[in-house]
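All of the numbers you see were taken from the coordinates with simple rules; none came from a lab. Everything quoted here is computed from the prediction, not taken from an experiment. So basically every Cβ, Gly included, is an ideal-geometry build from the backbone, and we count neighbours across all protein chains shown.
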Amino acid sequence: MIYTLFAFCEKKIYNDNGDNMIENMNKMLKKAYEGKYAVPHFNINNLEWTRYILEECEEMHSPVIIGVSEGAIKYMGGYQVVASLVRNLCNGLKITVPVAIHLDHGSSVESCNEALKAGFTSVMIDASKYEVAENINITKQVVKLAKKYKASVEAEMGHVGGQEDNMSADLMYAKVEDCKQMVDNVKLDAFAPALGSVHGLYKGEPNLDFDRMKQISDMTKMPLVLHGGTGIPDDKIKRAIECGTCKINVNTELQIAWRNGMVEFLNNNQKAYDPRKVIGGGETSMKTAIKNKILLFGSENKA
């Protein structure tokens, strides 16, 4: 009897908590591909960040991909904690826009499997450090796993440079022939060829290869992903969208916006010690950054 009651409550939690808006990336990226705009992928780092992102996307009527790195997952308490947090916040905040819960730069088949079992609706397998054949082989395994959960899969070819969490890599542009080999052999939902963007802050002007981006887009006929969206000039973002980019990842810019707002709050409230107020000091500046990205990407009112 107790078990039955618990099972009923658990079912109610996962049916009525906004799960109708939790989905994989496929539908939202297909609409973006056809409509020539990009869906924002915002990384989360804690409860507050998740709430700010969901609230602003709801306000702007924008679909959103909630990205979580393996480092953030470890910091926040594990895959199940993260998945439950996003789902229950969608319920508590009465979110109506489409939301995907996405593992960002999954480093192995095992980490992707853990995310899928916990309720993530999308995973990125980043096997780009391996030779092309091994990258394809590992990606195939993840696609097979994701199919059981009706989850979407993103893969990378080439190396997105810079640093994210504790991982760093030198930029290596994806080769068109390698991209063709990947999409010919693996049924992907989104594809991230490395074409000049980097994680973190840029040293100088980003050198994006738009000709190759357009060539890969025309060849694959699938939504492309641009990692390292922070610091890329607006005109280059718009050109990337014109070249088939439908998902753009942003993390560092939100971190900087939050930090600046929090520092300003502490400077004006030097006796503040309540962590809710200190963390909340960055809310306005972070939401402004989120709004600006939504407007730039063209995803406003596309939910």
If you build a Gaussian network model of the chain, linking Cα atoms that sit under 10 Å apart, which residue out of Pro63, Pro40, Pro233 swings the most?
-> Pro233
Hey, can you grab everything whose amide H is under 5 Å from the amide H of Asn45? Only 5+ residues off in sequence or another chain; H modelled, so Pro and N-termini drop out.
-> Thr50
Ranked Arg212, Arg259, criterion: other C-beta atoms within 10 Å, fewest first = Arg259, Arg212
Give the order of Thr121, Thr220, Thr50 when sorted by the count of other beta carbons within 10 angstrom, beginning with the fewest.
-> Thr220, Thr50, Thr121
Where the Cα pairs of the chain fall when distances are cut into 10 Å bins, in % = 6, 28, 37, 21, 7, 2, 0
For n ≥ 4 DSSP H runs only, could you compute -39500 (n - 2.57) per run for the chain, divide by its residues and tell me the 222 nm figure to the nearest 500?
-> -16000 deg cm²/dmol
HN-Hα couplings for the stretch 226-239 via Karplus (6.51, -1.76, 1.60; θ = phi - 60°), in whole Hz with x for Gly/Pro, come out as 10, 8, x, x, 6, x, 7, x, 4, 5, 6, 4, 5, 5
Around Lys287, what is the net charge, scoring Lys/Arg as +1 and Asp/Glu as -1 over all other residues with Cβ under 9 Å from its Cβ?
-> -3
Whole-Hz couplings from phi, Karplus 6.51/-1.76/1.60, listed for the stretch 43-55; x for Gly and Pro = 6, 10, 10, 6, 4, 4, 4, 4, 5, 4, 5, 4, 5
Which whole-Hz couplings ³J(HN,Hα) result when phi for each residue of the stretch 287-303 is put into the Karplus expression 6.51 cos²θ - 1.76 cosθ + 1.60, θ = phi - 60°, listed in order with x for Gly and Pro?
-> 5, 5, 5, 4, 4, 4, 5, 4, 5, 5, 6, x, 8, 4, 6, 9, 5
Once you've got the Cα coordinates, tell me which of Lys175/Lys287; Lys129/Lys302; Lys27/Lys129 are over 31 Å apart.
-> Lys175/Lys287; Lys129/Lys302
Name the residue farthest towards the positive end of the dipole of the chain from the options Ile256, Ser285, Asn88, assuming +1 on Cβ of Lys and Arg, -1 on Cβ of Asp and Glu, about the Cα centre.
-> Asn88
What does the charge dipole of the chain about its Cα centre add up to, to the nearest 20 debye, if the Cβ of each Lys and Arg holds +1 and the Cβ of each Asp and Glu holds -1?
-> 680
For Cys246, Cys179, Cys112, order by how many other beta-carbon atoms lie within 10 Å, fewest first | Cys179, Cys112, Cys246
